[in-house]
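**Q** There's a structure below that I have some questions on.
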Amino acid sequence: MQSRLFKRHQALGTPTAIVERLSNWFSDELIYLDISNESSYDLNRDDLNHSQFSTISEIIQQISKKCLSPLTFGGGIRNVEDARMRIKLGADKITVNSLLLESPETVKELVSEFGSQCIVASIDVKVNEHGKEVVYKKGKNETHWDPVDFAREVEKIGVGEILLNAVDRDGGGQGFHISLINKIAKNVRIPVIALGGAGKWEDFEEVLLKTNASAVAAANIFHHSENSVYNLKKYLYDRGLPVRKPIPLSEQQSNL
């Protein structure tokens, strides 16, 4: 899905087709967030050579076969069994969002069962009349939690990483929320992945140069140009930033 402000969502293709393409471009990691409100999945797509699915377990099983990099899966995880099913079917890590607020004790169980390295805390932050506030349920529910205080709280639970998403930057292509990212990253000891706002390669560069974030994630920007992941990596590598050396396109094709 192509997302904008957590409100508008546009289907871009069958999940396996998207994952296969990003994997073929040698993405370092893939984060798959299930935002569906339904238990049955009608993708409204019939991409060539890619099957349709009706359940989330089928989706996880099939995309894990296409994914050549570590796979983090989030959405619909309410208990240990939900997480175990996703890991058993191929997810390397799982990410939780609403569960952090509704049942932190369950998140502690997940950490105890699978280890900190397997559990990612997805934190959505929105700017409103309260300032910067943690929100959940696709940005619709307010919490009155200050983002820094909440990040410290989830770190205490034992999660291994934070996926930090600025709702007001989602899909806008206007750049990442640098001050928010840096404030969170400086106040926790676990890695922070910045998400929300990428519109050009320079936006990734700004995060790596101006914040303490450990990684940068994006979605929309990768879907509309060929070999986008390679082109971004080359841009950052050529500027001496801490990314893996990109594999030349000719070598990529010969390795597939």
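Read-outs: derived from the displayed coordinates by stated rules, not from any lab. Small disclaimer: the values here were computed from a predicted structure and weren't measured. Note that each Cβ is placed from the backbone with ideal geometry, even for glycine, and that neighbours are counted across all protein chains shown.
**Q** Fully extended, how many nm does the chain gain between residue 85 and residue 69 (0.36 nm per residue separation, minus their Cα-Cα distance)?
**A** Gain on stretching residue 85 to residue 69: 3.8 nm.
**Q** In region 2-244, what is the volume of the convex hull around the alpha carbon atoms, normalised per residue and reported in Å³?
**A** 117
**Q** Something else about it: If neighbour count is taken as other Cβ atoms inside 10 Å, put 244, 78, 169, 21 in order from fewest to most.
**A** In increasing order of surrounding Cβ atoms, one gets 244, 78, 21, 169.
**Q** Taking R0 as 35 Å, what's the FRET efficiency between residue 212 and residue 54 from their Cβ-Cβ distance, rounded to 0.05?
**A** Once rounded, the FRET efficiency stands at 0.25.
**Q** Using 0.36 nm times the number of residues separating residue 202 and residue 109, minus their current alpha carbon distance, what extension gain do you get?
**A** 29.5 nm
**Q** Next question, about the same structure. Subtract the Cα-Cα distance of residue 156 and residue 238 from 0.36 nm times their separation in residues, and report this length gain in nm to one decimal.
**A** 25.7 nm
**Q** Which order results if 201, 25 are arranged by neighbouring Cβ count within 10 Å, fewest first? It would help to have the intermediate numbers written out before the result.
**A** Details: 201 17, 25 21.
Going from sparsest to densest Cβ surroundings: 201, 25.
**Q** Determine, at each q value in 0.30 (inverse angstroms), the log₁₀ of I(q)/I(0) that the Debye formula gives when each Cα of region 179-234 is one equal point scatterer.
**A** For the requested q values the scattering log ratios are -1.26.
**Q** Between residue 116 and residue 149, what is the spin-label point distance in nm, taking each point 7 Å from the Cα along the Cα→C-beta axis?
**A** Once both label points are built, they end up 2.4 nm from each other.
**Q** While we're here: Give the residues of region 199-221 whose amide nitrogen is closer than 15 Å to a point set 7 Å from the Cα of residue 231 in the direction of its Cβ.
**A** Answer for region 199-221: 199-204, 219-221.
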